[in-house]
Amino acid sequence: MKNENKTKKQLINELEKKRQKIAELEATLEKYRSVVESSEDHIYLVDRNCNYLFMNSKHLSRLGLKNEQFIGKPYGAFHTPQETEDFTKKVHQVLETGKSLSYEYKSIRDGKYYIRTLSPIKDPRSGQITAIGVISKNITHYRKAQERIKYLSFHDVLTGVYNRAYFEEELKRLNTPRKYPIGVIMVDIDNLKFVNDNFGHAKGDELLKRLANILSSIFRKEDVVARIGGDEFVIILPNVNEDTVRSLCKRVNDACEGSNQKSELKLSVSLGYAVQYGQYKNMEEVLKKADQHMYRNKLLGETVAQKHLIDSFKLMLARRDLYTLKHYEQKQFFATSLSKEIGLPSDKIKEVRLLATLHDIGKIGIADLILHKPGKLSPEEWEIMKTHCEIGYSLAKAIPELNPIAEDILYHHERWDGKGYPKGLKGEEIPLLARIVTIVDAYSAMLCDRPYRKAMSKQEALEEIKKGAGGQFDPRLVELFLKIVGENS
């Protein structure tokens, strides 16, 4: 009886120990379940026939399922036939080898990238594989970062076209007879350094991006459009003849001209090309020929490029100043008439017409807050405003076509009595064209509404010009100007 009671006691102890062990196992299992459920990875189990046994919350959510809806359902019930076929092959591979398998794939469902790891789950007694554990880790962010790095290694950040490194690799790769004839076009933006130096790099970048967009829209997908220098672009065109290359150059020029209709900053380019039929030893020679051709065209087109730049100045001035086109035409008319009246030769008349339009070119460098201030300028603001003469002079000196009027731009605010700026020149020390434009500009300004006053009548403006004779203006020129205005009233 005593032994019997002892046996019962032992049984109770053993049962208690087993209960504690089960509780510990359940706690451990719950801990693992918690880890699996809280994981950012997609975790699930399938049997040997690819039927679902388990999914964590992350995977349930991705498939749009509720708990228990999936148990016993085949993988193909929630995936495309192609995805199912690919997955089944991987499962069979794990079953055959008994080893884990990892691979990267792109999901058709959401377009995201994953690394999927399949691991064999074995029966501890028999050692047989009874299920496959799957962990899918979302690596889309990492993959996109990789793609971005790859993109940046081959593309120009500013314009989005290919960079020099990619261009040089393609130049070597494409130099093969089956790609002949190969065309190479060099494109160089005219006056880009001038634009950067005088209007800021943002304006220069605008021109670079405009040209890149034009080139990208014209050339084929198989062509290589690359920016290989600050202002230089190059295009490699496999399997095109010289006539096609020449035609494409014309299209680029026409597209640049077309883009100028919508922008105050004119885009002017010089182009050159060469075509490899097999006559050149390597593509570097072709590139050199295209570059030489481009440089010759740049020299021949300098006048056109300068005209584009001057047109840009005119548009910028018109948009920043308060004068209308009518008043610009009026200034040109009176400046021309006064020049003819005093017998200036035709080349000087041409210069005075240009000066009448561009004497205030330096205002491009003055802040709008000062330029369009409705009230009187402070002494500090006035000193800044006066610098537009020097700014204009610097701009004109940098452009050969404006060189002849650079000093007239500098001195167009000098006064006959020596009280003007920037040098305080007096009388005939002031260049003649500057004296002419000073009168014409003052008269035209008086006829315009300004932020700080209303426009004067024509008679009031003429009275002011009369009063300024011998003080602000050359008295002899005032006399002739009054006569011209009277004759044209």
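The values are calculated or read from the model by the stated rules, or taken from the named source; none is laboratory data. Everything numeric here is computed off the predicted structure, so don't read it as measured data. Heads up, the Cβs are rebuilt from the backbone with ideal geometry, glycines too, and the neighbour counts pull from every protein chain shown.
Data for the structure
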quantity	calculated
Residue match in the range 449-460 (condition: touching a Phe, Trp or Tyr at 6+ places or on another chain (Cβ under 8 Å) and of a type in the set (S, T, N, Q))	no
Scan of the range 338-367 for residues that are surrounded by 19 or more Cβ atoms within 10 Å (Cβ to Cβ) and over 23 Å from Ile399 (Cα atoms), ordered by number	Leu338, Ser339
Gly301 under 23 Å from Asn198 (Cβ atoms), assigned by TED's automatic domain parsing to the domain that holds Arg251, surrounded by 17 or more Cβ atoms within 10 Å (Cβ to Cβ) and modelled with pLDDT under 90	yes
Residue within the range 439-457 that is touching a strand residue (DSSP E or B) at 6+ places or on another chain (Cβ under 7 Å), buried (at least 23 other Cβ atoms within 10 Å of the Cβ), assigned by TED's automatic domain parsing to the domain that holds His359 and not in a loop (DSSP other than H, G, I, E, B) present	yes
Filter result for Ile399 (surrounded by 14 or more Cβ atoms within 10 Å (Cβ to Cβ), at pLDDT below 90, under 37 Å from the mean Cα position of the chain (by Cα) and over 21 Å from Leu371 (Cβ atoms))	yes
Condition check for Ile149: modelled with pLDDT under 90, of a type in the set (Val, Ile, Thr) and either more than 25 Å from Leu65 (Cβ to Cβ) or out of contact with any helix residue (DSSP H, G or I) (no Cβ under 6 Å at 6 or more places or on another chain) (or both)	yes
Residue match in the range 114-137 (condition: more than 22 Å from Asp47 (Cα to Cα), modelled with pLDDT of 90 or more and either in the same structural domain as Ser57 (by TED's automatic domain parsing) or of a type outside the set (D, E, K, R) (or both))	no
Criterion violated by Lys266 - all others in (1) at pLDDT 95 or above; (2) buried (at least 20 other Cβ atoms within 10 Å of the Cβ); (3) of a type in the set (Lys, Arg) satisfied	(1)
The range 200-210, residues that are crowded, with 19+ Cβ neighbours inside 10 Å and in contact with a helix residue (DSSP H, G or I) (Cβ under 7 Å, 6 or more places away or on another chain)	Gly204, Leu207, Arg210
Cross-chain or 6+ apart pairs with Cβ under 6 Å, the range 473-489 first and within 16 Å of Lys426 (Cβ to Cβ), then surrounded by 16 or more Cβ atoms within 10 Å (Cβ to Cβ) and basic (Lys, Arg)	Asp474/Arg435; Leu477/Arg435
Residue check, Tyr166 touching a His at 6+ places or on another chain (Cβ under 8 Å) and closer than 25 Å to Met283 by Cα	yes
Pairs with Cβ under 7 Å, 6+ apart, first in the range 220-241 and at positive phi, second part of a strand (DSSP E or B) and buried (at least 24 other Cβ atoms within 10 Å of the Cβ)	none
Near pairs, Cβ below 6 angstrom, 6+ apart or cross-chain, from the range 65-76 (closer than 15 Å to His42 by Cβ and in the same structural domain as Ile132 (by TED's automatic domain parsing)) to any residue that is surrounded by 11 or more Cβ atoms within 10 Å (Cβ to Cβ) and of a type in the set (A, V, I, L, M, F, W, C)	Phe70/Met55; Tyr75/Cys50; Tyr75/Phe87
Qualifying residue in the range 416-424 (condition: at pLDDT 95 or above and under 24 Å from Thr336 (Cβ atoms))	yes
In the range 262-283, the residues that are outside any strand (DSSP E or B) and touching a helix residue (DSSP H, G or I) at 6+ places or on another chain (Cβ under 8 Å)	Ser263, Glu264, Leu265, Lys266, Leu267, Ser268, Gly278, Tyr280, Met283
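Yes/no per residue for (1) of a type in the set (S, T, N, Q); (2) modelled with pLDDT under 90; (3) over 27 Å from Ile129 (Cβ atoms):
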site	(1), (2), (3)
Ala27	no, yes, yes
Ser39	yes, yes, no
Ile43	no, no, no
Tyr52	no, no, no
Gly64	no, yes, yes
Gly76	no, no, no
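Yes/no matrix, rows are residues, columns are (1) within 19 Å of Thr438 (Cα to Cα); (2) at pLDDT 85 or above; (3) surrounded by 15 or more Cβ atoms within 10 Å (Cβ to Cβ); (4) small (Gly, Ala, Ser):
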site: Leu369; (1), (2), (3), (4): no, yes, no, no
site: Pro374; (1), (2), (3), (4): no, no, no, no
site: Glu380; (1), (2), (3), (4): no, yes, no, no
site: Ile384; (1), (2), (3), (4): no, yes, yes, no
site: Cys389; (1), (2), (3), (4): yes, yes, yes, no
site: Tyr393; (1), (2), (3), (4): yes, yes, yes, no
